[in-house]
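> Take a look at this one; I'll ask things after.
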Amino acid sequence: MPTAAPIPNDLESYWLPFTPNRAFKQAPRLFARAKDMHYFTPEGHAVLDGTAGLWCSNAGHCRDPIVAAVARQAEELDYSPAFQFAHPKAFELASRIAALAPGDLNRVFFCNSGSEAVDTALKIALAYHNVRGEGARTRLIGRERGYHGVGFGGISVGGIVANRRMFGTLLTGVDHLPSTYSREHQAFTKGEPGWGAHLADELERIVALHDASTIAAVIVEPMAGSTGVLPPPKGYLQKLRTICDRHGILLIFDEVITGFGRLGCAFAAERYGVTPDMIVFAKGVTSGAVPMAGVIARDGIYTAFMRGPEHVIELFHGYTYSAHPLACAAGLAALDLYREERLFERAKALETKWADAAMALQDLPGVLDIRTVGLTAGIDLASRAGSPGLRAYEAMKHAFAEEGLLVRVTGDTIALSPPLIVSEAQIGEIFDKVTRVINAVD
Ligand SMILES: Cc1ncc(COP(=O)(O)O)c(C=O)c1O
């Protein structure tokens, strides 16, 4: 049985991220430990993890092989300088990740968070054109309702106004594709909707407006996760690839959520048969156990930089903790677990069952749409008059306090993305609990 953990007596010093601090501190939601599919509060109450933490603990929590690998690594080599020196596990993990990525996506640059990795990919795109003598390609194209973390680059290409409006003008020379979501045309679709591929043609309009010679890259999440699980319309990503190729524009997939099995493949690029020029990854690479992220670039991008005198740094970019030994150890152990337990295949095998269970909620009060793809689901609730976001916020609190279920909410959408070890019975349990929650916040 879980043991009780102390509740902190100073709640004021910690400024929580993306959290209403005052409300939180009046009724804190704390986790003291976790195992497999569950968190445990300091009082010892079990909370079923419907969201893999924050879309990251794909192998479940505190898995013994990852715990052991991190502990061993902490004793053996705690830190190794990331610049001008390296350690063996960094190379080993890079090759393991490259082997999972499609095509010639073989070169891995390590970062510590999705936000850093997004900014890294954008910088590589700009620098790549620069070293090839196309330095006028500085424009970056994102998408409405895209989330690419909170660095200045990420919020500039991102399409969430709340993440931007307090912070000034940000990067200039950014444009946005329209969101691929339309409730009118797509409501209650399992998997990729049939409507919306034509929205990729908006890229042609943007190219015509700015001229291809000014555009460096397009960045999209294959499935937009943070704005409520928006699977790509059938054929949309393929079209983006074709248009980017036509105009020499780099295509970046932000797979921070979709990477490492979430959609039933190592990467969404594989699911959709589209090879981007760079993949941004984070979260699942260590199953959330140690912060790690990175960018996988195609061979041609890496080799474009390998010029000039050999003692000169080719890319003036990097982080003190790039390829941190503890993160590499966790990453290798997580990849082993994914392989040994066939967790990506498992996500694929469970997809229909998951989608059916989610869609069964469509007649509950206030449910406006349900979307699913891989082991993800987004459930849109009708907003309370004058208070957007309140109903889902209440749902999240109710789920935690009354149902012992962790859900994620964004706006008035409940988002679900359990660890890939979720059992069929637990899928039933998650949606039974969500059903009661939705009824409770009617
Ligand atoms: C698609 C995507 N990109 C980037 C990020 C940012 O990652 P991080 O919070 O690790 O900086 C996230 C986080 O959820 C994400 O979903």
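Just so it is clear, none of the values below were taken in a lab; they were calculated from the coordinates. Just so it is clear, the model here is predicted, and its values are computed rather than measured. All Cβ positions, glycine included, derive from the backbone under ideal geometry; neighbour counts span all protein chains shown.
> Could you list, bin by bin from short to long, the percent of Cα-Cα pairs of region 226-342 in 10 Å steps?
Per 10 Å bin, starting at 0, the Cα pair percentages come out as 12, 35, 33, 18, 2.
> When only Cα pairs under 8 Å and 6 or more residues apart are kept, what is the percent relative contact order across region 67-340?
28 percent
> Moving on. Given the Cα atoms of region 351-442, and with Rh set as the inverse mean 1/r over their pairs in the Kirkwood sense, what is Rg to Rh to two decimals?
Looking at region 351-442, the ratio lands at 0.94.
> Check cross-link reach from LYS348 to the aspartates and glutamates: straight Cα distance under 16 Å, and skip same-chain residues fewer than eight apart.
GLU192, GLU270, GLU340, ASP356, GLU424
> In Å, what Rg and Dmax follow from the Cα atoms of the chain?
Just the Cα atoms of the chain yield Rg and Dmax of 21.5, 67 Å.
> log10 I(q)/I(0), Debye, Cα-only region 296-350, no solvent, q = 0.12, 0.15, 0.17, 0.31 Å⁻¹?
-0.55, -0.73, -0.82, -1.10
> Per the Kirkwood treatment, what hydrodynamic radius in Å, one decimal, follows for region 3-105 from the mean inverse distance over all distinct Cα pairs?
Taking every pair of different Cα atoms in region 3-105, averaging 1/r and inverting gives 17.4 Å.
> Which order results if ASP369, ASP64, ASP10 are arranged by neighbouring Cβ count within 10 Å, fewest first?
ASP10, ASP64, ASP369
> A further question on this structure: Once each part is reduced to its C-alpha centroid, what is the distance from region 261-288 to region 165-188 in angstrom?
22 Å
> So, one more: Taking Cα centroids, how far is region 313-355 from region 78-142 in Å?
Centre-to-centre (Cα) distance: 15 Å.
> Still on this model: Toward the positive end of the charge dipole of the chain, about the Cα centre and with charges on Cβ (Lys, Arg +1; Asp, Glu -1), which of PHE85, PRO8, GLY114 goes farthest?
Looking along the dipole axis, the top candidate is GLY114.
> Next question, about the same structure. With viscosity set to 1.567 mPa s and temperature to 4 °C, compute the Stokes-Einstein D of region 90-158, Rh being the Kirkwood radius across alpha carbon pairs; µm²/s, no decimals.
96 µm²/s
> Got a sec? How would LEU203, LEU77, LEU420 order by Cβ neighbour count within 10 Å, fewest to most?
Listing LEU203, LEU77, LEU420 from fewest to most nearby Cβ atoms yields LEU77, LEU203, LEU420.
> So what's the gap between the Cα centers of region 375-405 and region 237-254, to the nearest angstrom?
Result: 36 Å between the Cα centres.
> Place +1 on the Cβ of every Lys and Arg and -1 on the Cβ of every Asp and Glu in region 67-340, take the dipole about the Cα centre, and give the residue among MET292, GLY149, PRO102 whose Cα lies farthest towards its positive end.
GLY149
> Here is a further query. What percent of all Cα-Cα pairs in region 286-442 falls in each 10 Å bin, counting up from 0?
It works out to 9, 28, 24, 20, 12, 5, 1, in whole percents.
> Starting with the highest mean, order 226-236, 395-405 by the number of other Cβ atoms within 10 Å, averaged over the residues of each peptide.
226-236, 395-405
> Kirkwood Rh, Cα Rg: Rg to Rh for region 128-190?
Over the Cα atoms of region 128-190, Rg/Rh equals 1.11.
> Binning at 5 angstrom from zero up to the longest distance, how are the C-alpha pair distances of region 316-392 distributed in percent?
In whole percents, the pair-distance histogram is 3, 13, 13, 11, 11, 10, 11, 12, 10, 5, 0.
> Assigning unit charges at the beta carbon (Lys, Arg +1; Asp, Glu -1) and nothing else, what dipole magnitude in debye, to the nearest 20, does region 67-340 show about its Cα centre?
About 480 debye.
> Ranked by Cβ crowding within 10 angstrom, fewest neighbours first, how are SER115, SER182 ordered?
With the sparsest Cβ surroundings first, the list reads SER182, SER115.
> Let me ask another. Which lysines, on any chain, are close to LYS35 with Cα under 19 Å apart, when same-chain ones fewer than 8 places away are left out?
LYS283
> Averaged over all directions, how much area does the convex hull of the C-alpha atoms of region 216-255 cover when projected, in nm²?
Taking a quarter of the hull surface, the average projection is 2.8 nm².
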